[in-house]
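Novice: Structure in structure tokens, see below.
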There are 4 protein chains.
Amino acid sequence: MGSTWGNKLKISIFGESHGEAIGVVIDGLPAGEVIDTNEILLQMSRRSPGSDSTSTPRKESDEPKIVSGILNGKTTGAPLCAFIENTNTRSNDYSELSVTPRPGHADYTGQIRYNGSNDLRGGGHFSGRLTAPLVFAGAVCRQILERKGILIGAHIFSIANVFDIPFDAANISKDLICSLSKSKFALIDAEKEDAIRTAVNAARAEDDSVGGIVECAAIGVPTGIGSPMFGGIENIISSIVFGIPAVKGIEFGNGFAAASLRGSENNDSFTYKNDKVVTETNNCGGILGGIS
Amino acid sequence: MGSTWGNKLKISIFGESHGEAIGVVIDGLPAGEVIDTNEILLQMSRRSPGSDSTSTPRKESDEPKIVSGILNGKTTGAPLCAFIENTNTRSNDYSELSVTPRPGHADYTGQIRYNGSNDLRGGGHFSGRLTAPLVFAGAVCRQILERKGILIGAHIFSIANVFDIPFDAANISKDLICSLSKSKFALIDAEKEDAIRTAVNAARAEDDSVGGIVECAAIGVPTGIGSPMFGGIENIISSIVFGIPAVKGIEFGNGFAAASLRGSENNDSFTYKNDKVVTETNNCGGILGGIS
Amino acid sequence: MGSTWGNKLKISIFGESHGEAIGVVIDGLPAGEVIDTNEILLQMSRRSPGSDSTSTPRKESDEPKIVSGILNGKTTGAPLCAFIENTNTRSNDYSELSVTPRPGHADYTGQIRYNGSNDLRGGGHFSGRLTAPLVFAGAVCRQILERKGILIGAHIFSIANVFDIPFDAANISKDLICSLSKSKFALIDAEKEDAIRTAVNAARAEDDSVGGIVECAAIGVPTGIGSPMFGGIENIISSIVFGIPAVKGIEFGNGFAAASLRGSENNDSFTYKNDKVVTETNNCGGILGGIS
Amino acid sequence: MGSTWGNKLKISIFGESHGEAIGVVIDGLPAGEVIDTNEILLQMSRRSPGSDSTSTPRKESDEPKIVSGILNGKTTGAPLCAFIENTNTRSNDYSELSVTPRPGHADYTGQIRYNGSNDLRGGGHFSGRLTAPLVFAGAVCRQILERKGILIGAHIFSIANVFDIPFDAANISKDLICSLSKSKFALIDAEKEDAIRTAVNAARAEDDSVGGIVECAAIGVPTGIGSPMFGGIENIISSIVFGIPAVKGIEFGNGFAAASLRGSENNDSFTYKNDKVVTETNNCGGILGGIS
């Protein structure tokens, strides 16, 4: 356990914030899948700091270099390795970390875990920068999933107590997911952008930071995906999502709110619609017993 | 992935609600550990339905039979297998499941996943009854952890909108954990018991059910446990916790509440106390970068 | 790592030679597969000591009791657990093991590994008896594979320097595999049986034992099974085969003999036969680059 | 399963023979370990073709570039990623592979496995060149093991029926292992070098190739390493060794030769020497029940 994850599809993340490069090896991709590099760059630019005025000012070009696993634009079936060089590594900024560990970061726990040998510059391997290879891996996988009709999108649920309109879980359109998937400031209610930027800038002006919640949806997922007990969709997703620094909670469907409801309110009744079994509500996040 | 979990310590859960037996194989236990059977029975009786007037009326004796891995009261290092016979299997009650899948259960998704071959009686392998071998495994492990000074306890955080007093995360006493660990109705504020029972019984009287939240704490955990990214404590714990039927959300420390706070409010500042690095608050659940 | 093996299909073996029972949990079986108990019993009786006059005299009935995962004769998709009670556990015979570890057994290494807490009676979890649950798992899997046209069989290649006729690797008939799969003394040249029994009995008369080699073949395996590097068929098979006590070597195709050959002699040339790519020889054991 | 291996220590190999680069991510290394780059280069030069007149004429500099996991010459505990650029990629030589797959290579099986999308140039990900990152990983690990007193060395057991003197398994000196570990043509009997070179060159003159056997020894391994059944040393080693192209067999200790011996000849009797349990012979390869 550590920076390697997965079973059928395995990802192995490497790199440190101020080292030479960061990257990922993806093992187990199906062969023959067309991978569009522009699509990858689009997703990576959505993450990349420096391109947005409100986000952290560190600028990184985040240009992934694919060194294996793709030939003539298609996956070969062999491991796909992508490299992202670190170009903006102002290590001097961090020279005092070994003296004063930052609260809310892994500086202190990392030093205990690695007997003082871990790379503290910029958080090292614990840096938020390590989400770049994760976004790369996601950008590859979403192209393959999209071809199977599975679309995944997310929006800002809340930042600094400014709340976007939540998904209507029983009725999420392909258009909405597609539009969110390309947005640089993903909101269902675009008018919330100003309030969010204002709140973030206000905190920054006071040398402070804000928190937020991301809401994610997947549509087109076939029924019957997942396995019982520890192989459930919730188990698998949470086992990777907590790999994103700062994530401290995850919920599916109604999540914690279900605890205040009665079964009759929270359960999604089955019914028939055009000869198919459907539910009219979606309080369970489309997952029952770990299975879609 | 499925009903087998773990890496250094592996557990493999088997059985169906109305089959002959359920159980667990635990592989990787350290050798030479004394295991007190009475302690196991105490923990299992806390789970076992039928012993409490407010819980589900299905009665199960839940007497585990250890068939391997323990000799003369101590672990041998070989896999420990425990069996729990199903004695109260009223399968007739479930004969209509294949016609009408229950909402909020895996009856329908399981049938799709297994092409109609899964055991539907009582939910089969998806039944809440399968938490009995999980409790058994926990009851074994907590004895070993306790010898290392690690104590784990949980209480009812809320049921049906009746809320117990939450843990004071920065200050949880050994006495409190020990007392909760033995309680049949684990509350910090015992006076909430009546209100909870009333709420549950009210729902039951209307053929309905209620939801709830469990709050869990571990004390005495050494610093430096966990690994980066996917090997973090949050990843590992959530990968097993969602194996408990009905769990739809998990959070660590302040969890979702942190999203409304500023960094200055949520971060736990480091300080020295008796020459040791400590934090005076505990908003991160004792975990930074996945590491304790 | 230990007594749990596998990825898509996971097996977890438990039990000790003189404990209450031994068994296996098989997780990941496809649902809806008919499992014939008589076929399982037939395979288990081939392993079971006591039924053959030349093998070890310990008698075990080896009747597996399936406690989960099968309903109405078909797999449910949930873990299949099988139990085999130990009925003939003459622990007194082994009371001196902790004083005098047997050479060629795990008595000594096991004691070091488990700080003296391992069950020494009859070799405990290291006993050859633990092959019974392995045979059970194989007997289940071979029924599923057979329905896909994959047949697996083995024969005595040699015992005590008496050699059977080896497989003609390029030409193994279904009839031969089927007949070997049912045989209690699997030989291609049945006339070798007497010589083998004589050699074994001669060694036994001198309180000694003999060695042997098993040759195994699988026919009907589709091309393209396996993965590169560590996911090759050879890697996967050897990772489980060395779980059988006393196995000290494994080879595929020509194996070690290939080391004395030139490439031109050892390589299997490709050609077309009825519009299909075939090889006329089979020196590679049907595996190139780990893939069938 | 595929190009990712391991549990506590995980390696993930990537790259194709004629792609941009090959390399490895090593996750799980202990932190604070000094890694000597010259030692790595020495081991890699032993593998690198082109430096020896008798080996394949393809020249590769094989200069690994460490991009993460090492800071100030010591492991940080984060994944170590090393890159090796491919500089000599004469892809034209292989342009006919998709028409005529080479016997004894994965050209054909790889195409079936990956539906014709795999990179055929130079064998792609199946190329013997992919052993370079394996050697890199080994060169890192052996430095850490050496500090614990564990030394590993190998020599040519035979090539083209020219046989070196085998190890005296019960008595392998540190000096011998150290000297073999540095040798460019590792032989115990240096006088066999001429005969081997002559045999290889003779085959090459006839556009043919030869086979061989490598014998490997590890000394200083503490007792009690390994786990029962599938966690045995033999299982673990063979699960990685078959990742080396062309390996078709593996044996431990006497291996297949044990099959011709009686128990009394093959078993290593235990005795006491200077108050320590020892064996005077070493027919089991130092492994009993999978444990050292």
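Novice: Placing +1 at every Lys and Arg Cβ and -1 at every Asp and Glu Cβ, with all other atoms neutral, what dipole size does segment D:170-259 have around its Cα centre, in debye to the nearest 20?
Specialist: 300
Novice: With chain C rotated onto chain A, spot the residue of C whose Cβ lies nearest the axis and note the distance in whole Å.
Specialist: C:Asn7, 3
Novice: Could I ask something else about it? Determine the relative contact order of chain C: mean sequence separation of Cα pairs under 8 Å and six or more apart, normalised by residue count, in whole percent.
Specialist: Relative contact order here is 16 percent.
Novice: How large, in percent, is the carbon and sulfur part of the accessible surface of chain C at a probe radius of 1.4 Å?
Specialist: For chain C, the apolar C and S fraction of the accessible surface comes to 52 percent.
Novice: Taking the highest mean first, how do the peptides D:148-155, A:122-129 order by number of other beta carbon atoms within 10 angstrom per residue?
Specialist: Top to bottom by mean Cβ count within 10 Å: A:122-129, D:148-155.
Novice: In the structure shown, do any of A:Lys8/B:Lys10; A:Lys8/C:Lys273; A:Lys248/B:Lys74; B:Lys74/B:Lys182 have a Cα-Cα gap over 26 Å, and if so which?
Specialist: Those over the limit are A:Lys8/C:Lys273; A:Lys248/B:Lys74.
Novice: I've got another one for you. Accessible area, 1.4 Å probe, largest first: how do A:Phe270, D:Phe242 sort?
Specialist: Largest accessible area first, the list is A:Phe270, D:Phe242.
Novice: Something else now. Sorted by packing (mean other beta-carbon atoms within 10 Å per residue), highest first, where do D:134-146, A:30-42 land?
Specialist: The most tightly packed comes first, giving D:134-146, A:30-42.
Novice: For peptide C:34-45, how many partner chain Cβ atoms fall within 10 Å of a residue's Cβ, on average?
Specialist: 0
Novice: Give me the one-decimal nm value for the distance between modelled label points at A:Ala154 and B:Lys182, 7 Å along each residue's Cα-to-Cβ direction.
Specialist: Reported label-point gap for A:Ala154 and B:Lys182 is 4.5 nm.
Novice: Only four residue types carry charge here, +1 at the Cβ of Lys and Arg and -1 at the Cβ of Asp and Glu. Report the dipole size of the protein assembly as shown about the Cα centre in Debye, rounded to the nearest 20.
Specialist: 0
Novice: Over all residues in D:118-127, what is the mean tally of Cβ atoms on other chains that come within 10 Å of each residue's Cβ?
Specialist: The mean count of partner-chain Cβ atoms within 10 Å per residue comes to 5.
Novice: So if R0 is 30 Å, what FRET efficiency would A:Glu146 and B:Thr100 give, r being the distance between their Cβ atoms, rounded to the nearest 0.05?
Specialist: In this case the efficiency is close to 0.25.
Novice: How crowded by other chains is B:210-223, given as the mean number of beta carbons from other chains within 10 Å of each beta carbon?
Specialist: Shielding by partners across B:210-223 averages 2.
Novice: Let me ask something else about it. Treating the point 7 Å from Cα along Cα-beta-carbon as the label, what are the nm separations from B:Ser61 to the other copies, to one decimal?
Specialist: 2.2, 7.4, 7.6
Novice: Report the GluC sites (Glu not before Pro) located in segment D:187-275 that are in a DSSP loop and have at most 15 other Cβ atoms inside 10 Å of their Cβ, or state none.
Specialist: D:Glu191, D:Glu206
Novice: At 1.4 Å probe size, with every protein chain present, just tell me what the per residue accessible area of chain A comes to in Å².
Specialist: 45
Novice: Starting from the Cα gyration tensor of segment A:158-238, take the square roots of the eigenvalues, sort them a ≥ b ≥ c, and report rounded, prolate or oblate (rounded when a/c is under 1.5, otherwise prolate if a/b is larger than b/c, else oblate).
Specialist: Since a/c reaches 1.5 but b/c is at least a/b, the shape of segment A:158-238 is classed as oblate.
Novice: Hey, what do the phi angles of segment A:2-8 turn into as Karplus ³J(HN,Hα) couplings, whole Hz, using 6.51/-1.76/1.60 and θ = phi - 60°, x for Gly and Pro?
Specialist: For segment A:2-8, the Karplus-derived couplings read x, 9, 10, 9, x, 10, 5 Hz, x marking Gly and Pro.
Novice: Mind putting together the pair-distance distribution for segment B:100-216? All Cα pairs, 10 Å bins, whole percent per bin, short to long.
Specialist: 11, 30, 31, 22, 7, 0
Novice: Can I ask one more? Which one of B:Ala137, B:Gly124, B:Asn161 has its Cα pushed farthest toward the positive end of the charge dipole of chain B, where Lys and Arg give +1 and Asp and Glu give -1 at the Cβ?
Specialist: Looking along the dipole axis, the top candidate is B:Ala137.
Novice: Next question, about the same structure. How high is the FRET efficiency between D:Thr281 and B:Leu9 when r is their beta carbon distance and R₀ equals 45 Å, given to the nearest 0.05?
Specialist: FRET efficiency, D:Thr281 to B:Leu9: 0.75.
Novice: Still on this structure: Any chance you could get the radius of gyration and Dmax over the Cα atoms of chain B, in Å?
Specialist: Cα only, chain B: 20.5, 66 Å (Rg, Dmax).
Novice: Using mean Cβ contacts within 10 Å as the protection proxy, how do A:222-232, D:164-174 order, highest first?
Specialist: Per-residue mean Cβ counts within 10 Å order the peptides as A:222-232, D:164-174.
Novice: Same structure again: How big is segment A:3-73 by Rg and Dmax over its Cα atoms, in Å?
Specialist: Values for segment A:3-73 (Cα only, Rg and Dmax): 14.2, 40 Å.
Novice: Could you pull out every one of the aspartates and glutamates with an alpha carbon less than 13 Å from that of A:Lys184, ignoring same-chain neighbours closer than 8 positions?
Specialist: Within the straight-line limit of under 13 Å, A:Lys184 reaches these aspartates and glutamates: A:Asp52, A:Glu193.
Novice: With r defined as the distance between the Cβ atoms of D:Thr223 and C:Asp194 and R0 fixed at 41 Å, what FRET efficiency is calculated, to the nearest 0.05?
Specialist: That gives a FRET efficiency of 0.45.
Novice: How big is the dipole moment of chain C about its Cα centre under a simple scheme where the beta carbon of each Lys and Arg is +1, that of each Asp and Glu is -1, and everything else is neutral? Debye, nearest 20, please.
Specialist: Its charge dipole is roughly 620 debye.
Novice: What are the label-to-label distances in nm, one decimal and shortest first, from A:Val214 to the same spot in the other copies, with labels 7 Å along Cα to Cβ?
Specialist: 2.9, 4.3, 5.0
The values are calculated or read from the model by the stated rules, or taken from the named source; none is laboratory data. Because the structure is predicted, anything quoted here is derived from the model rather than measured. Glycine gets a Cβ as well: all are built from the backbone with ideal geometry, and neighbour counts include every protein chain shown. These accessible areas exclude ligands, DNA and RNA; they are computed on the full protein's heavy atoms, side chains included. Shrake-Rupley method; radii C 1.70, N 1.55, O 1.52, S 1.80 Å.
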